[in-house]
Amino acid sequence: MSRRRAIFIVAAVTKTETSPRAPVVATNLTKVYGAGETQVRALDDISVSFAAGQFTAIMGPSGSGKSTLLHCVAGRDTVTSGSVRLHHRDGGETELTALTDRALTLLRRQRLGFVFQSFNLLPALTAEQNIRLPLDLAGVRPDPHWWRTVIDTLGLADRLRHKPAQLSGGRIAGEIDAPTPERVLDRLRTLGA
């Protein structure tokens with residue numbers, strides 16, 4: 001079995017917590033790939049909570065389990081053991097590890113956001129179609145004010161009909177030329193408001 005390196009979780013509070021319970025709580029997460037001599041323990045009894053209004057950085061060396069942790073907490077991958085709970089504003093709770101694939105798909109579509117390292121844009125769709133795709137799949141029309149905020153924040157008003165290959169990486173990232181952490185967080189705060 002391979003030895004694991006440490007994952008460091010750093011949180012930055014950006015507004016006051018409004019709920020006595022963290023919206024996302026992962027408890028004793030373990031994720032094992034393979035078996036026998038090729039077994040890799042990607043997560044080994046990790047517990048963490050993510051508070052409302054908080055941006056969290058998960059840091060560690062390559063192979064320490066950062067992506068695995070994010071994928072398990074977001075319901076994009078299964079855990080070998082442990083619990084991932086989403087606490088609702090109405091006091092309810094959802095245990096991700098107990099959901100079917102279909103239920104997980106609907107939950108991710110309706111309640112979870114995930115920012116990928118790569119753009120994951122569909123090359124055959126325009127910028128507008130790529131942005132609207134999750135909403136279209138859910139059968140939801142975007143709120144006009146929210147839509148304008150997203151488009152203006154990303155500086156895409158004149159590029160909505162362009163395909164991903166016709167956009168620069170800076171344009172896709174909202175024209176953040178030298179992405180300082182503060183500028184990236186400001187963009188996420190604006191879009192998440």
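Considering only residues of the range 41-53 that are open to solvent by less than 50 Å² (accessible area, probe 1.4 Å) and not aromatic (Phe, Trp, Tyr), which is farthest from Thr94 (Cα to Cα)?
If we take residues in the range 41-53 being open to solvent by less than 50 Å² (accessible area, probe 1.4 Å) and not aromatic (Phe, Trp, Tyr), then Ala42 is farthest from Thr94 (Cα to Cα).
Applying the selection to the range 49-102, what residues are more than 16 Å from Thr27 (Cβ to Cβ), of a type in the set (D, E, K, R) and outside any loop (DSSP other than H, G, I, E, B)?
Lys66, Asp101, Arg102
Name the residue, out of Leu86, Leu104, Leu96, that is touching a residue at least 60 places away in the same chain (Cβ under 8 Å), open to solvent by less than 50 Å² (accessible area, probe 1.4 Å) and under 17 Å from the mean Cα position of the chain (by Cα).
After ruling out the rest, the residue left standing is Leu86.
Residues in the range 134-153: is at least one acidic (Asp, Glu), within 26 Å of Thr56 (Cα to Cα) and under 19 Å from the mean Cα position of the chain (by Cα)?
No, because not a single residue in the range 134-153 is acidic (Asp, Glu), within 26 Å of Thr56 (Cα to Cα) and under 19 Å from the mean Cα position of the chain (by Cα).
The values are calculated or read from the model by the stated rules, or taken from the named source; none is laboratory data. Predicted model only: the values in this text are computed from it and were never measured. Quick reminder, even Gly has a Cβ in these numbers, built from the backbone with ideal geometry, and neighbours come from all protein chains shown. Remember, those area values only see protein heavy atoms, side chains included, never the ligands or the DNA or RNA. Shrake-Rupley method; radii C 1.70, N 1.55, O 1.52, S 1.80 Å.
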